[in-house]
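Novice: I'd like to ask some things about the structure below.
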Ligand SMILES: Cc1cc2nc3c(=O)[nH]c(=O)nc-3n(C[C@H](O)[C@H](O)[C@H](O)COP(=O)(O)O)c2cc1C
């Protein structure tokens, strides 16, 4: 049954979507999800895994991330639901949790279009959206009376403006945090690793420290705060980051964001040149995600947790990441290539292998 669902998507739906502009296809997918969420819910029931997700009564297992219980450890990565418009519908895809954002203090239309590209030969995407979004106040207003059906994480980033650095950057991120911190988020991620802004991923120690100080003063230990790491970070930066994270009671790391690297791709280099700048996501990231998760698992503090993200697209990959030391995983690009039934098929496979019966109930 799961093969039938995936092959229907791959042979009928995906070719139609891939004939459209990638960003338009993304908006169409979002609208379909809003109006047809029940179909995905039903597929979970048909596959016999609905007890592993959503808010259903049947409990096979529980996972815990930053003190929040969830039915499965597979989450949606930031960027898919930047403005928190899909929180209700996303649970119907089977995710154990979702991360909304990146939300920025000020609304922004992002970079010029086209800014999202597919690399089918590599099962990858390149995006340079540039942190487009409605802004923190609009998102707070939208979510103020929303009952989250599954745990929701909030990802915040610095508004994409050229003159926003140091104290101004800290104020900007603190504004988003303050505007949204009263909502029932399971965790907050500070995204310091977007490659598509004026300055690219943030490596500067001093600015990061100002940001962490401002957020921690507001937070007073209330919400678990994670940092999202760039896979392009130099080793010395990662060491400094680990040290800083303990000082500011950072609960863990999302490892990681998209990469600016174009190494080892099957896609024609001429096409890559035509596409130009942007963050690469999807299957080519996987090996490096494994390397970084392993590295952080041995250098983080005991109380800190890892959310693995980058190239995850199968039950095998989920198991590998948890075995390497991650508490949970997130994915995005694999949804584009494998379709909306992916999470249910991953859960079915994990259940078949007895994965859930090993967890505490
Ligand atoms: C179109 C697109 C938009 C994204 N936007 C964001 C974002 O706003 N904030 C963020 O932290 N990560 C963003 N990401 C990065 C993803 O959250 C994730 O870290 C990355 O895609 C690697 O995971 P994947 O290989 O499963 O796609 C975006 C990714 C894509 C493909």
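Taken together, the values in this text are just the output of simple stated rules run on the coordinates, not laboratory data. Treat the numbers as computed from the prediction; the structure is a model and nothing was measured. Here the Cβ is made from the backbone with ideal geometry for all residues, glycine too, and neighbour counts use every protein chain on show.
Novice: Percentage of Cα-Cα pair distances in region 244-301 greater than 13 Å, rounded to whole percent? Display every interim value, and only then the final one.
Specialist: Details: 1133 of 1653 pairs.
Result: 69 percent of Cα pairs exceed 13 Å.
Novice: Continuing with the same structure: I need to check one value: relative contact order of region 147-263, counting alpha carbon pairs closer than 8 Å and at least 6 residues apart, in percent. Walk me through the intermediate numbers first.
Specialist: Numbers: 168 pairs, mean separation 32.1, N = 117.
Here the relative contact order equals 27 percent.
Novice: Just need log10 I(q)/I(0) for region 1-106 at q = 0.12, 0.18, 0.20 Å⁻¹, Debye formula, equal scatterers on the alpha-carbon atoms, no solvent, rounded to two decimals.
Specialist: -0.48, -1.03, -1.20
Novice: Per residue, how much space in cubic angstrom lies within the convex hull of the C-alpha atoms of region 2-358? All intermediate terms of the calculation are to be shown ahead of the outcome.
Specialist: On the way: hull volume 45.2 nm³, N = 357.
About 127 Å³ per residue, rounded to a whole number.
Novice: Taking other Cβ within 10 Å of each residue's Cβ, how do 254, 139 sort, fewest first?
Specialist: Working: 254 29, 139 26.
Ascending number of Cβ neighbours within 10 Å: 139, 254.
Novice: Right, here's the next one. Output the relative contact order of region 8-160, whole-number percent, from Cα pairs under 8 angstrom with separation of 6+ residues.
Specialist: Values: 246 pairs, mean separation 34.1, N = 153.
Once divided by the residue count of region 8-160, the mean separation gives 22 percent.
Novice: While we're on this one: Peptides 291-301, 94-104, 152-162: what's the order by average Cβ count within 10 Å, highest mean first? Walk me through the numbers before you get to the answer.
Specialist: Values: 291-301: 17.0, 94-104: 27.5, 152-162: 23.4.
In decreasing order of mean packing, 291-301, 94-104, 152-162 become 94-104, 152-162, 291-301.
Novice: Let me ask something else. Helix-only mean residue ellipticity at 222 nm, the chain, DSSP H runs n ≥ 4 weighted -39,500 (n - 2.57), per residue, nearest 500. What is it? Let's see the in-between values first.
Specialist: Working: 13 runs with 140 residues, N = 361.
Helix-only estimate at 222 nm: -11500 deg cm²/dmol.
Novice: Next question, about the same structure. Compute the separation of the alpha-carbon centres of region 4-29 and region 78-111 and state it in Å as a whole number.
Specialist: If you average the Cα positions of each part, the centres end up 20 Å apart.
Novice: Separate question: Please report, in Å, the Rg and the Dmax of region 203-357, where both are computed over Cα atoms only.
Specialist: Looking at region 203-357, its Cα Rg and Dmax stand at 17.2, 51 Å.
Novice: Taking the DSSP beta bridges in the chain as the whole, what percent of them are antiparallel, to the nearest 5? Walk me through the numbers on the way to the answer.
Specialist: Values: 13 of 42 bridges.
Roughly 30 percent of the beta bridges in the chain run antiparallel, per DSSP.
Novice: For region 2-358, calculate the relative contact order in percent as a whole number, restricting contacts to Cα pairs under 8 Å that are 6 or more residues apart. Walk me through the intermediate numbers first.
Specialist: Values: 697 pairs, mean separation 65.9, N = 357.
It rounds to 18 percent for region 2-358.
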